[in-house]
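The values are calculated or read from the model by the stated rules, or taken from the named source; none is laboratory data. Just so you know, these numbers come straight off a predicted model, no measurement behind them. Glycine gets a Cβ as well: all are built from the backbone with ideal geometry, and neighbour counts include every protein chain shown. All accessible areas refer to the heavy atoms of the entire protein, side chains included, with ligands and DNA or RNA removed. Shrake-Rupley method; radii C 1.70, N 1.55, O 1.52, S 1.80 Å.
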Amino acid sequence: MGARLNGTNGTNGLRPPLTGDPGGMWHWVPVGVAVLSLAPLALLVGPLLVLAWRSFSLEQLRVAIGDPMVRQALRLSFVTTSASLILVVLFGSPVAYLLARHRFTGRAVLDALLDLPMILPPAVAGLALLLTFGRRGALGPLLEAMGVHIAFSWTAVVMAQCFVSAPFFIRAARTGFEAVDPQLEHVAATLGTSPAAIFFRVTLPLALPNILAGMVMAWARGLGEFGATIMFAGNFPGRSQTMPLAVYSAMEGDLGAALTLALILLFVSLGALLVFKQVTGGGRSNIHAV
Amino acid sequence: MQFELAIEKQFGGFRLQVDLSVEARTAVLFGPSGAGKSLTLQSILGIVKPDRGRITVMGELFFDASTGVNLRLQDRRLGYVPQSYALFPHLTAAENIAFGLRGRSTAEVRREVGAMLDLLRLHEVADRPPRRLSGGEQQRVALARALVVRPRLLLLDEPFSALDPALRGDLRSQLLVAQRELGVGVVLVSHDLVDAQTLADMVAILDGGRVLQCDRREEVFYRPVSVEVARFTGSRNVVRGEVSSAIDGVATIRIGSATLTARSARPASTGPAWIIMRAERIRLLADDETADRDESTARGTLKTATFSGTCWRLKVSLDGADGPVLEVDAPVWWWERHGREPGAACTVAVGSSAVHVVPSRPSAAG
């Protein structure tokens, strides 16, 4: 930010001096804009810097990593986000392909429904899941009879994560499939390539950057998932207490543990975003160079 | 190369109704954009499925709506070069060419791809991705990729339209070389008259989703079935006239005060008619020159003379009360010797086979 300010001033300094310039005050406009843009930036970055500064202590990190609650939360978050990512990719890819390549009745409705979890408050999503799969939910008795208990288990955590993260993946993967020129697939077919081989030799490699980006975003969304999880899966250490929930619980007792967990989450999220930018940035030149 | 199709397809407000029977080494589907040329090509390929009709290529039934036959793209074994070339952006030029050779031995793939790189002079760019190839190179890679699997027929959609004109001639001859080398029939879609003139044995003129004429190149260019075809094929002289007699394929025509003789395989009937003459098949007589026995002559006045680069384009106003203006292309060497100023009197001569008569009212042929 400081660099940009200097740059602006430098440009002004290079201009020939304007004596008696009636519009001299306009020279301050860029400075004003810069100051104004500092405000939101401070709001966005400030707390994160404070968080990093307050919690950065190797000693505390060592203690926190040793804490069974932290370890359990880390392990649970890793296992559940992995499981939900696999499920999202497995079931989301065909939906994304369908939306990208085929026109069918109800397509617009499906499209809108798939975006709903993105704007829906997570707590509402959790409530909806609970009302559907909870013990007294719509499918509760049926699941009960089959001996399946979903609510307040790690299955529920995975379901909540899938619910909120699937749209991110489907949206990105769909964009990836849409960007593949159907002519490429037609040409591949005239060369005797079977539909399955066309998908794996042409469509998938070209859509891959977007698919990977969607995976990163979906995984990061699942990792940060809080509202739906606490409504539907509860906050049981080792069973449904993922990292965001552990941060929340630790706040009541050990602030140090909460800060450490928060810092880990911050860096993981930042890492995910950087990977996302890298992957999509690298993919762009690939796709649009046709 | 031989194919037949009679298909119908409705696309929203556009109706494709194409009936073609082609036997040629190279056939050009020619017409303005929106004529249905590409849709016809995609129907042959199997990308577009017609609502009704039948498609037979080289004696094999590809599509028949009445019996439900519809061969997959993979089983039609046709080579396809789309307008955008559609090279696989994630593969190199050589990998693009080898795409259809999956399942062959490494040695065979190397030999076949190598032969194509030789034939189309692509060795230097073999390891480049498509984005680092020039337009002409991309086109040759797309051609090689289609040819390497030995298709029964090669289908090209506007292959030269994206290239700059200087390159087109070069690539046209490359295509001819490849075709002669491999003996494959070519169907080419184009809105460039030069493609039809230089590459085609057979030309189909399409407009508004219908075939206006499909015949040998000379027939289409020199004996168009309608005024529309004449205009599409670049006949610049389409003038009203009167057929005063028509006996044994020889018609006598009055244009203004001039009388011309037309000899045609198609019998003309007497009455008002359109008279079609290509500017490059008419000549001006030099002062000391007389017409050949086969030629008719007409007197007129030179209006303008414009240099086109390869000939002089003359406009000659024929004498008489309603004498039309004829366009005549004079060879450059001739104009350098016999050129004259606008306003000068001159005599136009035209052979009987260069005068073509189309009935004034649209007939069954149109």
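Please specify each residue of the stretch B:210-226 satisfying the condition of being of a type in the set (Val, Ile, Thr) and farther than 18 Å from B:Arg263 by Cα. Please lay out each step first, then the result.
In the first step, residues of the stretch B:210-226 are kept if they are of a type in the set (Val, Ile, Thr); the result is B:211, B:220, B:225.
B:Val211 - this is the single residue of the stretch B:210-226 that is of a type in the set (Val, Ile, Thr) and farther than 18 Å from B:Arg263 by Cα.
With the condition kept exactly as written, say whether any residue in the stretch B:259-270 is among the aliphatic types (A, V, I, L, M), in a loop (DSSP other than H, G, I, E, B) and either crowded, with 18+ Cβ neighbours inside 10 Å or in contact with a Pro (Cβ under 6 Å, 6 or more places away or on another chain) (or both).
Of all residues in the stretch B:259-270, those among the aliphatic types (A, V, I, L, M) come to B:260, B:262, B:265, B:268.
This time we only want the ones that are in a loop (DSSP other than H, G, I, E, B), so: B:265, B:268.
Applying the additional criterion that residues be either crowded, with 18+ Cβ neighbours inside 10 Å or in contact with a Pro (Cβ under 6 Å, 6 or more places away or on another chain) (or both) yields B:268.
So far as the stretch B:259-270 goes, yes, one or more of its residues are among the aliphatic types (A, V, I, L, M), in a loop (DSSP other than H, G, I, E, B) and either crowded, with 18+ Cβ neighbours inside 10 Å or in contact with a Pro (Cβ under 6 Å, 6 or more places away or on another chain) (or both).
Quick check: anything in the stretch B:282-291 in contact (Cβ under 8 Å) with a residue 12 or more places away in the chain and of a type in the set (Lys, Arg)?
Taking the stretch B:282-291 first, the residues in contact (Cβ under 8 Å) with a residue 12 or more places away in the chain are B:282-287, B:291.
Pick out the ones that are also of a type in the set (Lys, Arg) and you get B:283.
The answer is yes; a qualifying residue exists.
Of the conditions (1) more than 14 Å from chain B (Cβ to nearest Cβ); (2) in contact with a strand residue (DSSP E or B) (Cβ under 6 Å, 6 or more places away or on another chain), A:Phe163 clears all except one; give me its number.
(2)
Can you run down the residue pairs with Cβ atoms below 8 Å, 6 or more apart or on separate chains, where the first is in the stretch A:123-146 and at pLDDT below 80 and the partner is of a type in the set (Lys, Arg)?
Between residues of the stretch A:123-146 that are at pLDDT below 80 and residues that are of a type in the set (Lys, Arg), the close pairs are A:Glu144/A:Arg135.
Can you tell me how many residues in the stretch B:298-312 are within 13 Å of B:Ala330 (Cβ to Cβ) and surrounded by 17 or more Cβ atoms within 10 Å (Cβ to Cβ)?
Qualifying residue count for the region: 4.
Kindly establish whether B:Phe63 is touching a Leu at 6+ places or on another chain (Cβ under 8 Å) and either away from chain A (no Cβ under 14 Å) or outside any helix (DSSP H, G or I) (or both). Steps first, answer last, please.
On the way: touching a Leu at 6+ places or on another chain (Cβ under 8 Å): yes; either away from chain A (no Cβ under 14 Å) or outside any helix (DSSP H, G or I) (or both): yes.
Considered against the rule, which asks whether it is touching a Leu at 6+ places or on another chain (Cβ under 8 Å) and either away from chain A (no Cβ under 14 Å) or outside any helix (DSSP H, G or I) (or both), B:Phe63 comes out as yes.
For the stretch A:173-290, please list each of the helices (runs of 4 or more DSSP H) lying entirely inside it that holds at least 3 residues being at pLDDT 90 or above.
Details: elements: A:182-190, A:195-198, A:204-224, A:227-232, A:243-250, A:255-288.
Correct list: A:182-190, A:195-198, A:204-224.
Tell me, yes or no, whether the stretch B:92-101 has at least one residue that is open to solvent by 70 Å² or more (accessible area, probe 1.4 Å), part of a helix (DSSP H, G or I), away from chain A (no Cβ under 14 Å) and not acidic (Asp, Glu).
Applying the first criterion (open to solvent by 70 Å² or more (accessible area, probe 1.4 Å)) to the stretch B:92-101 yields B:95.
Filter once more, so that each one left must be part of a helix (DSSP H, G or I): B:95.
Applying the additional criterion that residues be away from chain A (no Cβ under 14 Å) yields none.
Within the stretch B:92-101, not a single residue is open to solvent by 70 Å² or more (accessible area, probe 1.4 Å), part of a helix (DSSP H, G or I), away from chain A (no Cβ under 14 Å) and not acidic (Asp, Glu).
One residue is enough: does the stretch A:219-232 have a residue meeting the conditions over 19 Å from the mean Cα position of the chain (by Cα) and open to solvent by less than 20 Å² (accessible area, probe 1.4 Å)?
Filtering the stretch A:219-232 for residues over 19 Å from the mean Cα position of the chain (by Cα) gives A:231-232.
Keeping just the survivors that are open to solvent by less than 20 Å² (accessible area, probe 1.4 Å) gives A:232.
Yes, there is a match, as at least one residue in the stretch A:219-232 is over 19 Å from the mean Cα position of the chain (by Cα) and open to solvent by less than 20 Å² (accessible area, probe 1.4 Å).
Given the options B:Leu163, B:Leu175, name the one that is over 21 Å from A:Val202 (Cα atoms), away from chain A (no Cβ under 14 Å), part of a loop (DSSP other than H, G, I, E, B) and modelled with pLDDT under 95.
Numbers: B:Leu175 fails: part of a loop (DSSP other than H, G, I, E, B).
It is B:Leu163.
Looking at A:Ala188, is it away from every other protein chain (no Cβ under 14 Å) and either under 30 Å from B:Leu155 (Cα atoms) or in contact with a helix residue (DSSP H, G or I) (Cβ under 8 Å, 6 or more places away or on another chain) (or both)? Walk me through how you get there before you give the answer.
Working: away from every other protein chain (no Cβ under 14 Å): no; either under 30 Å from B:Leu155 (Cα atoms) or in contact with a helix residue (DSSP H, G or I) (Cβ under 8 Å, 6 or more places away or on another chain) (or both): yes.
Judged against the criteria, A:Ala188 is not a match.
Collect the residues in the stretch B:122-149 that are open to solvent by 30 Å² or more (accessible area, probe 1.4 Å), touching a residue at least 40 places away in the same chain (Cβ under 8 Å) and away from every other protein chain (no Cβ under 11 Å), keeping them in residue-number order.
B:Glu137
Do we find that B:Arg337 is in contact (Cβ under 8 Å) with a residue 40 or more places away in the chain and assigned to a helix (DSSP H, G or I) in this structure? Quick ask: steps written out before the conclusion?
Details: in contact (Cβ under 8 Å) with a residue 40 or more places away in the chain: yes; assigned to a helix (DSSP H, G or I): yes.
Yes: the conditions hold for B:Arg337.
Yes or no: A:Leu255 within 14 Å of chain B (Cβ to nearest Cβ) and either more than 30 Å from B:Asn96 (Cα to Cα) or within 24 Å of the chain's Cα centre (by Cα) (or both)?
Working: within 14 Å of chain B (Cβ to nearest Cβ): no; either more than 30 Å from B:Asn96 (Cα to Cα) or within 24 Å of the chain's Cα centre (by Cα) (or both): yes.
Considered against the rule, which asks whether it is within 14 Å of chain B (Cβ to nearest Cβ) and either more than 30 Å from B:Asn96 (Cα to Cα) or within 24 Å of the chain's Cα centre (by Cα) (or both), A:Leu255 comes out as no.
If only one of B:Glu336, B:Glu341, B:Glu295 is buried (at least 17 other Cβ atoms within 10 Å of the Cβ), of a type outside the set (Ser, Thr, Tyr) and more than 24 Å from B:Ile205 (Cβ to Cβ), which one is it?
Numbers: B:Glu336 fails: buried (at least 17 other Cβ atoms within 10 Å of the Cβ); B:Glu341 fails: buried (at least 17 other Cβ atoms within 10 Å of the Cβ).
So the residue among B:Glu336, B:Glu341, B:Glu295 that is buried (at least 17 other Cβ atoms within 10 Å of the Cβ), of a type outside the set (Ser, Thr, Tyr) and more than 24 Å from B:Ile205 (Cβ to Cβ) is B:Glu295.
Being under 13 Å from the mean Cα position of the chain (by Cα) and among the basic types (Lys, Arg) is true for just one of B:Arg210, B:Arg223, B:Arg217. Which residue is that? Working first, answer last.
Values: B:Arg210 fails: under 13 Å from the mean Cα position of the chain (by Cα); B:Arg223 fails: under 13 Å from the mean Cα position of the chain (by Cα).
The match here is B:Arg217.
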